[in-house]
1. Hey, does the range 705-712 have a residue that's modelled with pLDDT of 90 or more and either surrounded by fewer than 20 Cβ atoms within 10 Å (Cβ to Cβ) or among the hydrophobic types (A, V, I, L, M, F, W, C) (or both)?
2. Does Gly506 satisfy the criteria of being assigned to a loop (DSSP other than H, G, I, E, B) and under 17 Å from the mean Cα position of the chain (by Cα)?
3. Can you tell me which residues in the range 161-179 are part of a loop (DSSP other than H, G, I, E, B), in contact with a strand residue (DSSP E or B) (Cβ under 8 Å, 6 or more places away or on another chain) and at pLDDT below 95?
4. Within the range 199-231, count every residue that is of a type outside the set (Val, Ile, Thr), buried (at least 24 other Cβ atoms within 10 Å of the Cβ) and assigned to a strand (DSSP E or B).
5. Within the range 331-344, track down each residue that is in contact (Cβ under 8 Å) with a residue 60 or more places away in the chain and either crowded, with 23+ Cβ neighbours inside 10 Å or in a loop (DSSP other than H, G, I, E, B) (or both).
6. Answer yes or no: is there a residue in the range 364-372 that is more than 25 Å from Tyr441 (Cα to Cα), at pLDDT 95 or above and open to solvent by 30 Å² or more (accessible area, probe 1.4 Å).
7. With the condition kept exactly as written, say whether any residue in the range 130-152 is among the aliphatic types (A, V, I, L, M), buried (at least 22 other Cβ atoms within 10 Å of the Cβ), touching a residue at least 60 places away in the same chain (Cβ under 8 Å) and in a strand (DSSP E or B).
8. Go through the range 232-257 residue by residue and tally those that are in contact (Cβ under 8 Å) with a residue 60 or more places away in the chain and open to solvent by less than 20 Å² (accessible area, probe 1.4 Å).
Amino acid sequence: MLVVALLSAAAPRALAHPPMLKPLGAVRYLAEQRAGFGAPAHAAALASRADAHARTLSGPSHTISAASSPKITSAASPSFSQAWTALGPAPMTTSFYGGPNSGRVDSAAVVQSGANAGEIFIGTAGGGVWSSTDNGKSWVTHTDQVASGLAIGALAIDPNNPSTIYAGTGEANNCGDCFYGGGVLKSTDAGQTWTVENPSGIFSGVDFFSLTVDPNNSKDLYAGTSTGLYESTDGGVHWSQIGSITAPTSGVALDPSGGKTTVYAAVSGVGIEKSTNAGSSFTTLAGGLPTSAEFGVTALGIGSGGGHETLYAAVQLNGSTDANGSDLSMYKSINGGGSWTRLSIPAYTNPAYAYEGKSKGEAEGDQAWYDNTLAVDPSDPEHVIAAGMAPVESKDGGATWSNINGQNFFGSGANVLHPDFHATAFAPSGKVIVGCDGGVYEYSSTTPGPGPLGVSNLNANLNTGQLYEDLSVYENGAKILGGLQDNGTAYFTGSLGWPEVSSGDGGYSAINPLDVKQQFAEADMHLEETTNEWVSSADISPPLGVNGNFVPPMTIVPNSGSIKEPTVYYGGADLWVTPDPAGLSPAWTQATTTGTTAKTAVSAIAVAPSNPAVVYVGFDNGTLLVSNNANLVTPTFTDISVPGAADWITHIDVAANDPGSIAISFAPGGSNTQYLPIPPMVETGAVTLTGIPSATYTNITGNLPNEVASNSVVSDNG
């Protein structure tokens, strides 16, 4: 049996049989397949032990069952009859980044009126839609069983009927771990049940920047997406592209004060478009704005007051730089976009300001393409919150600004916020909800919260940490090591709050099954090792080994003899190996030269469970190499690539009892493996390992759904 894991934006097919109750056993088995450790019998024994332990796990208030879950419906929703126990991180504990952290929050909306006024809804990068009715003290998940994806790029609450909520799937942050979407989710009962609106697949593979409901007409919606501006006139049932706007549309703002709602849309490569007839036609605004060629990702905000509409536009600059040294300029209009004034702002999308306290950005890795959001106080158009790497506030219409974090991230004092912001929303109380790579926070400039500087951490039980491709499970699951997006590597030892053991962006990890104190983790493409369970650690990255993919594959092969040191494989631009990771100067050897010559990088590593001398290496351009003598000091690798395959190899599985029987999963080539919609691709291979290796392949993609990236494929007993 082959099991294919899909990063899905479409409804999965019905299962022919109930899923096995082996949550930890399955994880352990997959880890064994990746690590190539032990014989099939050993792997089966470990899985059995893990299964037995999983059946004993319980957690009051953390177990989700069909009976206790909110009723959720969608087209071809899956049926979950088994009970699952949350393991976390919920949240991840750290003392550096503003207290406990959860996963990336991309959108936020707050109910402004009615019985549920103040209820907070957030859209997360990998955990769907959550809400809180007690101001962030606790959270409830709403979309776990919706089949159209858990990456939420935009949220909107109908101002005339707050029980109607829309969520655009697919997050438009231009990042390699941003998942594309499969439509708009709609709820008419405050998030308890959902339908998927995606007529004729119009939003399949599309990302959402913004969703807006017309206050003058609740049936009229506008969506700013990666493929342009869309409108629905029937409450999201049908959609059409309007104004011939087909370029990425990152910001949408509505002015409902006229006879017909005025629509503003920020379009990459074009500028700011304005319609005074509810979207029937548009004109391009000028009057002090950057040229069309300079327009990149733009956040729009609008506020009423003093008899006019005040507009703010935070524009990512293409090919130019703001006077503050960053890649973002902010503009303000007080006459409906007729003329604009460039504001003097701090470089809040640049680490030089956000992290180091410099007045100018000085081209230090500006992230305006990734971090760019703003909101205008509905009761005061001169009060603006803008956020990039750091959040900033102006109370005088943009004349002066202050850093809400209160100090520099790498300066003295304690941080009250995690960096990298994507969501801002004002609550009826006047407080501001902000979402970032570390979860969700609340800010008040007038009423200080329990934290310093008016900032309150709202992550509570928010279980949305984004674990990257790999997990390391020790023995029966009592200890788990996992790398998270922008939240380092965290270590589970039994509680829902996992402590951070390594900072930065995590990645692959490994625990030596012969010595639990020896563990490995990645941080920003660097490989770290501990021999004392993270009391201390050391960077053991191979020479030039970090010149690879952002999340480099890594695996260990425990030694079957008396020596406890494992062999470590690391995928940079090429495959690197060391048999002595605990040494002060690990003797790394570059085992392949494909990446060096082809300017590509390793994307998958697999060691045959029944023969550790057989090692497979996949690259992000479809190249597949195999060695039948990887245990030698100088191993040889042979190219056995699938004919015509040029896509990213996401995973290689080797049958437990046959080192020449493999399965391979592919995703689109390029820098984003989960961003582009293509039919999935899965191949099985029969590899002859004697002499010079060769292989024959069979494409088994079959009837797997289109527009889904194949993430991994695992064989079970052949």
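The values are calculated or read from the model by the stated rules, or taken from the named source; none is laboratory data. Keep in mind that what you see is a predicted model, and the values were worked out from it rather than measured. Don't worry about glycine lacking a Cβ; one is built from the backbone with ideal geometry, like all the others, and counts go over all protein chains shown. The accessibility values were calculated without ligands, DNA or RNA, using every heavy atom of the protein model including side chains. Shrake-Rupley method; radii C 1.70, N 1.55, O 1.52, S 1.80 Å.
1. No: zero hits.
2. Yes, satisfied.
3. Gly170, Ala172, Asn173, Asn174, Asp177, Cys178, Phe179
4. Going through the range 199-231 one residue at a time, the tally reaches 10.
5. Within the range 331-344, Gly336, Gly337 meet the criteria.
6. no
7. no
8. Residues meeting the conditions: 5.
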